[in-house]
Each structure stands twice: as C-alpha cells, then as structure tokens.
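Read through the structure below, which is laid out as structure tokens, and then see the notes.
The values are calculated or read from the model by the stated rules, or taken from the named source; none is laboratory data. Not measured: the values here are computed from a predicted model. Every residue, glycine among them, receives a Cβ derived from its backbone with ideal geometry; neighbour counts consider all protein chains shown. Just so you know, the surface numbers come from the protein's heavy atoms only, side chains and all, with ligands and any DNA or RNA stripped out. Shrake-Rupley method; radii C 1.70, N 1.55, O 1.52, S 1.80 Å.
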Amino acid sequence: MRIFISRQLTLMALVCCVGQLTDAQIAPVTSPEIERRIQHVTSGLIGGVVIKGDEHATHTLADRMKELKVPGVSIAVIHEGKIEWARGFGVRSMGGPAVTADTMFQAASISKPLTAMAVLRLVQQEKLSLDTDVNTYLTSWKLPSDPVTAGKPITLRELLTHTGGITVHGFPGYATNQPVPNLRQVLNGEKPANTAAIRSEAAPGIEWNYSGGGYTIMQQVLIDVTGEPFPTLLHDSVLAPIGMKQSTYDQPLPQTLQEFTATPYQGDGKPVEGGAHTYPEMAAAGLWTTPTDLAHYAIEVEQSLDGKANHVVSADTTRQMLTPGLGHWGLGLQIGGTASNPYFTHGGANAGFQDIFVAYEKGGEGAVVMTNGDAGGMLGDEVMHSIAAEYGWPDYHPTVRAAVQIDSKILAEYVGTFELQPGFNIVVTVENGQLITQATGQGKVPLYAESETKFFPTMFPADIEFSKDDHGKVTYLVLHQGGHDMKALKK
C-alpha cells in the first residue's frame, strides 16, 4: 500500500541497494534437499477444494501459469525462522527478462500490515492513541460527522481492524495516462479521484467490513501528526529497521526503479492498460516490494512476538497486533489457524498484481507469493497449498467435496451480474455446461454444484448460494467465505 530533501536521500539509498548485488540479490547455493523441496512445491500445486474422485488434482507451476495467463511468479519460503529459499519463475513481461528473487511487484493490500506497524510504533511513542477520535489527529482534513455513527467517535483501533464503519472497499489506481488525485481529493471523492468519498456508513465497532478507505484516513493521520511525506515515514520507521532494502511506498514509482519491476497483466493475458497503476492511497495499496523483503517483515513479526527482534514495535505491541477480534482480524492482519497454533496473513490485489503471505506465530514457518497477473490470486493459493504439504503445515490443506450434475436450464437462470459492493461485481456465466464466476479485476473461477442452488469453487474455500423470489426469479446470491456471508444483488 518522499518528497523534498528527505525523499531524495531515501530514494538514493534505495537505488543504491537495488542497483548493487547485495547478499539478498545473489542467489544462494541451495542444497540438494532444498532443490528437492522446490521441485516438490512447483510440481504439487492444488486448489483449496478437491472434487471427490479427481485423480488429477495436482498441477505444475508452469502449467498453471500458462492456463491462468500469469507471466511471472516470485516465491519466498520461511523455514525455522529463516528464508530457506527465494526464487522467481516466468518472466517480468512477455518476451522480456526472467523474474528473479529481486523483481519488484506491487504488494497491493499487503501495504496495510506495514502501515499498521507504523501506526503502532507511533502509539508506543505516545504520539498516537488507538482509542482516541481520529479527528483529534487530523488537521488538514476532517472525517465529516454522520448520524449513522450514533455519536460514537471513530478510532485508529477500529480503522486498523476494519470495524470503523467506513466506506470504500478498495482502489483501482490510475493508469499512466490518467491524472492522479491528491490525498484530499481521494478522501472527498473529488475529481480526478475515481472512487467515492470516504465516509461513515455504519456505527463503529459493531461489524467487520473491509475498508481500504479506513487506511486512507490513517495515511492522512500519519502525515498530519508527523509532518513527513508518507513514503519517507514508512521507509524510516518500518522498511529500513526491518531490512526491507528493495521496498518503497513511492507512488508513482521513480523511473530509476522501473527496470527492476514486473509488468502487470490482466486475466486475459493482455498487459494492464497504462502499465502499473499509480496508487495515491499508499497506506492501503502503495507498496512496491519483493517476496524476500516481505519474508523479512514476517520474520520480524515472529521474532518480535518472542522479544527477539523488536526493531519496530515491542513484544507486547506485537501481541496486541496479533490478537483477533471481529472477523478474525487483528491490528492490520488477518488471524487464522487454531488458538494453539495461529498464523497471520494478508492478501493483495492491485491492477495486474495478486499476492499473498502466510506466517505462523510459532515455529518460524511461512511463505510469500507475488504474481504479475490478475489470476495470480488463485495461483498463489495453490502454491501455498503445495508449500503447506511439503513443509508439514497444519493448515492450508484442501477439502474434499462431492459434486452433482445440474440441468443446463437451471444453470442458465443464474447468469447475470451481481453487485457485492459499489464498483465490485460478480459476473456469472455458463461455459461448456459449467457455471463460471468472475469478480471485478479477477480471473474466471469455475463453480461446481453441491445442489441446485449451492455451488463451490475448487481454487479456494467458499460457497455461492443463489436465492429466488416467490416467482422463481433469481434476485441475489450470497458469498460464504472466511466466516462471512456477503449478499450480492442481481443487477
């Protein structure tokens, strides 16, 4: 998710790091055992759900990249508290150079956990409080009051945990040929901003509702409180202390770094129009980085929890960050696994980039997958399942489900566009007798029938249930995923 002199100094240091062959850039000599593990991971991709009786459930990384039209993938695996291997696959752009472990990708929403860490550092320094009205800290812009909040103040804790009742799920970014709004224009939904105004839509602290808008408010808070440009603040307070040498929040990315980046691609295999989009919503979506650098972040969190690192925040603050609340979210991170062996995770989706990381609080295990294709989310999940199998993770194993055949006439009734949120739709089609869904900005996902009204994908754990009115007309669907039920009305 650096301006003036401090920006220039930070950028010079970053260019120096990227331009030289540092230890992180030199491909380590791996042992035969690690090479065997890499081979197992790249040949054992599997979806989150397996159809009962399917004898061809696993796939190779190369085959899935070709099928999903994802040109490049970069992977880093953490084992026993260290990066065991990091490697690139495919190409940065069609016909271009190969992806390496040092190729930079947009982290998309994985920008948020590092923003959260910057917030928590300032909380430790008593420059911010998690439970104070954010308008107390906002000086250049104020969040307008709204009767829907029932007079309750909106706090940083609620913004960090997506319980602030704030609008705007995510951001599409701006192509190189488009004007880019400033932060205040984004907050107010004023042109040239391409998203609605960021406002309250519900009382805070009541429900979990993912909001990139909430993190954009926090971006303004951090700027107003510190007086620093956001990229400089994040570099100095988070990226540099952790050792993330090939990462920056600069938007747009400086020309000097363009040669190190992957080119984003759509789900149909065509380049994203206008190239990598610019995201003035830096806190929510502006980070450029590598899997190796994100692995350093994950290791920092793991070690800080045990009091062994704490380069940014203390062990106590890290524990608060990883304590799940509504929606199984902590302060900037989603929490999964079991109470005795939890993991922390976050995914990201910008135009043409899809990423995911998972790391366990105990044992020092984890992985990061970054891709330059809109279907890379599915691919990342499959890679994670393969890593989980190879490294013996207790989670990320596929579920076996039975499928039934449904008459094509019934399937045809479900065809249409369903609005999950303003600007975010699920399009349902039928191809070769199979129901297909495609969410805004994402690739196509085949669905399998459990019954006449309930369907499931194999790429990830979820269910889609269609509902009809009294006249038998399909009026909406409900997406059951991650413990949440999300209703989408048919347009």
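Given the pairs Lys82/Lys245; Lys69/Lys245; Lys409/Lys487, which are separated by over 26 angstrom at their Cα positions?
Lys69/Lys245
For segment 65-146, give the magnitude of the charge dipole about the Cα centre (Cβ charges: +1 Lys/Arg, -1 Asp/Glu; no others), in debye to the nearest 20.
Around 360 debye, computed over segment 65-146.
Report the per residue volume, in Å³, of the convex hull enclosing the C-alpha atoms of the chain.
For the chain, the hull spanned by Cα atoms encloses 149 Å³ per residue.
Kindly flag which residue pairs out of Lys444/Lys468; Lys66/Lys270; Lys127/Lys362; Lys444/Lys473; Lys112/Lys191 have an alpha-carbon separation exceeding 21 Å in this structure.
Too far apart for the 21 Å limit: Lys444/Lys468; Lys127/Lys362; Lys444/Lys473; Lys112/Lys191.
With +1 on the Cβ of every Lys and Arg and -1 on the Cβ of every Asp and Glu, and nothing else charged, how large is the dipole of segment 126-227 about its Cα centre, in debye rounded to the nearest 20?
In debye, rounded to 20, segment 126-227 gives about 240.
Cut-off under 15 Å on the C-alpha distance; same-chain residues fewer than 8 positions from Lys491 excluded. Which aspartates and glutamates are left, in chain and number order?
By straight Cα distance, Lys491 reaches Glu413, Glu419, Asp469.
So how many Å³ per residue does the convex hull of the Cα atoms of segment 267-331 work out to?
143 Å³
Which of rounded, prolate, oblate describes segment 131-245, given a ≥ b ≥ c as roots of the alpha-carbon gyration tensor eigenvalues and a/c under 1.5 marking rounded, otherwise prolate only if a/b is larger than b/c?
Oblate is the answer for segment 131-245, as a/c is 1.5 or above yet b/c matches or exceeds a/b.
How large is the charge dipole for the chain, taken about the Cα centre, if only the Cβ atoms of Lys, Arg (+1) and Asp, Glu (-1) carry charge, to the nearest 20 debye?
Value, rounded to 20: 720 debye.
Normalise the Cα radius of gyration of segment 441-491 by 2.2 N^0.38 Å (N = residues in it) and let me know the number.
Scaled against compact globular proteins, the figure is 1.18.
Which trypsin sites (Lys or Arg not before Pro) does segment 417-475 hold that lie in a coil by DSSP with at most 14 other beta carbons within 10 Å?
Answer in residue order: Lys473.
As a test of the formula, what do you get for the chain when each DSSP H run with n ≥ 4 contributes -39,500 (n - 2.57) and the sum is divided by the residue count, at 222 nm and rounded to the nearest 500 deg cm²/dmol?
Counting only the DSSP helices, I get -7500 deg cm²/dmol.
What's the long-distance tail for segment 79-170, i.e. % of Cα pairs beyond 23 Å?
49 percent
Where q = 0.11, 0.14, 0.16, 0.21 Å⁻¹, what log10 of I(q)/I(0) comes from the Debye formula for segment 310-461, counting one point per Cα?
-0.56, -0.86, -1.05, -1.34
Farthest toward the dipole's positive end in the chain, which of Thr30, Val312, Thr42, given Cβ charges of +1 (Lys, Arg) and -1 (Asp, Glu) about the Cα centre?
Ranked along the dipole, the leading option is Val312.
As a test question: what accessible area, to the nearest 10 Å², does Val180 have when a 1.4 Å probe is rolled over all protein chains in place?
70 Å²
With every protein chain present, what is the per residue accessible area of segment 371-491 (1.4 Å probe, Å²)?
47 Å²
Restrict the search to segment 299-368; then list the trypsin sites (Lys or Arg not before Pro) that DSSP places in a loop and that have at most 13 other Cβ atoms within 10 Å of their Cβ.
The qualifying sites are Lys308, Lys362.
Taking just the C-alpha trace of segment 243-290, give me its Rg and Dmax in Å.
Cα-based Rg and Dmax for segment 243-290 come out at 11.5, 36 Å.
Please name which of His346, Ala284, Gln266 has its Cα lying farthest along the dipole of segment 216-371 towards the positive end, using unit charges on Cβ (Lys, Arg +1; Asp, Glu -1) and the Cα centre as origin.
Going by the charge dipole, the pick is His346.
Identify, among Ala193, Pro241, Gln442, the residue whose Cα sits farthest towards the positive end of the charge dipole of the chain, taking +1 on the Cβ of Lys and Arg and -1 on the Cβ of Asp and Glu, with the dipole about the Cα centre.
Ala193
Could you work out what % of the accessible surface of the chain is carbon and sulfur, using a 1.4 angstrom probe and leaving DNA, RNA and ligands out of the count?
Of all accessible area on the chain, carbon and sulfur atoms account for 53 percent.
How much accessible area per residue does segment 115-193 have, counting only protein heavy atoms and a probe of 1.4 Å, in square angstrom?
46 Å²
Just reorder His328, His346, His40 by solvent-accessible area, largest first, 1.4 Å probe, all chains present.
His328, His40, His346
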